[in-house]
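Notes follow once the structure below has been shown.
The values are calculated or read from the model by the stated rules, or taken from the named source; none is laboratory data. Keep in mind it's a predicted model, so treat the numbers as computed, not measured. Glycine gets a Cβ as well: all are built from the backbone with ideal geometry, and neighbour counts include every protein chain shown.
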Amino acid sequence: MVRVVIVGGGAAGASAAARARRLDPNAEIILIERGSMITHAPCGMPYAIGGVVKSHEDLMTYKPEEFEKERNIRVLIRSTVTEIDVDKRVVVVERGNNTEKISWDKLVIATGAKPLIPKIPGVELRGILTMRHPDEVPELKAQLETANTVAIVGGGYIGVEMAEILLELGKKVVLFEMFNQVLPTALDPDMAAIVADEMKNRGVELHLGEKVVEFSGAGHVSKVITEKGEYKVDKVILAVGVRPDVDLAVKAGAKLGETGAVYVNEYMETTVPDIYAAGDVAEKTHRVTGRRVWIPLAPTANKEGQVAGGNSVKGRVLKFPGVVGTAVTKFYSLYIARTGLSEREARELGYKVQSTLIKARTKAHYMPGGEPVSIKLVAEESTGSILGAQIVGKSQIVASYADIIALAVQSRYTIEDLFFSDLGYMPDVAPVWHPLIVAARVLSRGKL
């Protein structure tokens, strides 16, 4: 009987455990999680902090005891793996004041990502907060409760989402981003400008192209100092990104890839025999470029966990084909989605591209409730292959538009293929000329 030990109880780890159990009813499976919950959703943390989600415990899909009983999987919470002995095939686990050695036949490392802490003077001051695990929500809420002015350093997904939450909590929000736009890794400047305008209109004090160089205060942060000025604050949220938590994998001798995440093949195997890695700790392959990338997203982690878990008990039965980088966020009612390559990314990679940015409506013009939507479509000039898209608009359908383009990108659709796609129509869900069809027509430069 094979024993599978999985380190990390988030999306990838829990998914690996569940898949291993489904494929091998007789395997012994042990899931080890450092926090108090498994199957947790860090992506929901802003909404738990803001009270949109009543309790941080609601961010669990399964309680540990339910998962253990229903799946016949041993679950260890509040347990930290400190060492991996590859030769003896043992992990060392600290649980409170106790240390336990657990042997394994197959090991899945799903340790996720951790906040990137910039090397800025004063970053160690109290009142400078980061976000990683739902267990942290009660403390974050308590810290923010008494604050009047909160600075957010970083204008990525977490920065944008937390800006909304903090405004709703009645805080003054000052956001600093060293690049000249919000969502710099997700959107091109023309699309990011739409988001920035909405943020400013809602009351966010945006400082774009302004690098933070120091935090100051007498033990507790009271001032953010940038290249351009000084700003009094009560709390700071660091949202400059995350990095893969590779410490355990490195201890096990696993090779890191060019992105700094754990190198894995399509079977989620590391370079160490019988050790797998999945989720935000692992490097991915981009399905458009074939390049190694690191794009930490929960849906990807779930699928990689399925592959690692299945292969850990049955050998090479599943392959993970890679990603196209589909992501969605929102600021109030403005939904923001992207997939594939942005125009900037494509040009930096050497593609000769053509792009278009159109404005359309989500419903027929005569139907109530339609909203304007902006769509940017990017294609390779020589082949017409769709490389990516960005969509921004005040409707949840924005996410569905991105999903359609994600399938088009990974299926190597051309502009013509997209134009002739048989998309659904009725006046209350789309105009007779679907916005994505219109974008393809405009991008064809008169050919369609």
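A few comments on the model shown:
- Residue in the range 266-278 that is of a type in the set (Val, Ile, Thr), over 26 Å from residue 92 (Cα atoms) and modelled with pLDDT of 95 or more present: no
- Within the range 417-432, tally of residues that are surrounded by 13 or more Cβ atoms within 10 Å (Cβ to Cβ) and either in contact with a Lys or Arg (Cβ under 9 Å, 6 or more places away or on another chain) or modelled with pLDDT under 95 (or both): 5
- Verdict on residue 139 being among the acidic types (Asp, Glu) and either out of contact with any Pro (no Cβ under 6 Å at 6 or more places or on another chain) or over 18 Å from residue 47 (Cβ atoms) (or both): yes
- Taking residues in the range 46-57 that are within 10 Å of residue 161 (Cβ to Cβ), and partners anywhere that are among the aliphatic types (A, V, I, L, M) and in a loop (DSSP other than H, G, I, E, B), the pairs with Cβ atoms closer than 7 Å and at least 6 places apart or on different chains are 47/53; 50/169.
- Tally of residues being over 25 Å from residue 290 (Cα atoms), in contact with a strand residue (DSSP E or B) (Cβ under 8 Å, 6 or more places away or on another chain) and free of Cβ contacts under 8 Å to residues at least 24 places away in the same chain across the range 395-432: 0
- In the range 406-420, the residues that are closer than 27 Å to residue 367 by Cα and in contact with a helix residue (DSSP H, G or I) (Cβ under 7 Å, 6 or more places away or on another chain): 418, 419
- Qualifying residues in the range 363-394 (those that are aliphatic (A, V, I, L, M) and within 16 Å of residue 191 (Cα to Cα)) - the one surrounded by the fewest Cβ atoms within 10 Å (Cβ to Cβ): 373
- Of the residues making up the range 1-42, not one is under 16 Å from residue 317 (Cα atoms) and modelled with pLDDT under 95.
- Scanning the range 104-145 for residues that are surrounded by fewer than 14 Cβ atoms within 10 Å (Cβ to Cβ) and in a strand (DSSP E or B) turns up just one, 126.
- From the options 80, 149, 99, 111, residue that is out of contact with any Ser or Thr (no Cβ under 6 Å at 6 or more places or on another chain) and farther than 30 Å from residue 27 by Cα: 149
- Sole residue being crowded, with 22+ Cβ neighbours inside 10 Å, touching a Gly at 6+ places or on another chain (Cβ under 6 Å) and under 19 Å from residue 11 (Cβ atoms), chosen from 301, 249: 301
- Residue among 441, 412 that alone is surrounded by fewer than 21 Cβ atoms within 10 Å (Cβ to Cβ), at pLDDT 95 or above and under 28 Å from the mean Cα position of the chain (by Cα): 412
- Options 340, 322, 305: the member that is in the same structural domain as residue 256 (by TED's automatic domain parsing) and touching a helix residue (DSSP H, G or I) at 6+ places or on another chain (Cβ under 9 Å): 305
- Cβ-Cβ distances below 8 Å connect the following pairs, each with a first residue in the range 82-107 that is within 12 Å of residue 274 (Cα to Cα) and at pLDDT 95 or above, a second residue that is surrounded by 15 or more Cβ atoms within 10 Å (Cβ to Cβ) and small (Gly, Ala, Ser), and a separation of six or more residues or different chains: 86/252; 106/312; 107/252.
- The residues of the range 259-304 that are of a type in the set (S, T, N, Q), under 19 Å from the mean Cα position of the chain (by Cα) and within 21 Å of residue 20 (Cα to Cα), listed by number, are 300, 302.
- Residue in the range 145-154 that is at pLDDT 95 or above, farther than 16 Å from residue 233 by Cβ and assigned by TED's automatic domain parsing to the domain that holds residue 187 present: no
- Test: residue in the range 336-352 that is under 30 Å from residue 200 (Cβ atoms) and free of Cβ contacts under 8 Å to residues at least 12 places away in the same chain: yes
- The range 263-301, subset assigned to a loop (DSSP other than H, G, I, E, B) and of a type in the set (Gly, Ala, Ser), residue farthest from residue 252 (Cα to Cα): 290
- Screening the range 1-102 for helices (runs of 4 or more DSSP H) wholly inside it with 1 or more residues that are assigned by TED's automatic domain parsing to the domain that holds residue 139 returns no ranges.
- Residues in the range 58-81 that are closer than 23 Å to residue 2 by Cα and in contact (Cβ under 8 Å) with a residue 60 or more places away in the chain were compared, and the one that is surrounded by the fewest Cβ atoms within 10 Å (Cβ to Cβ) is 77.
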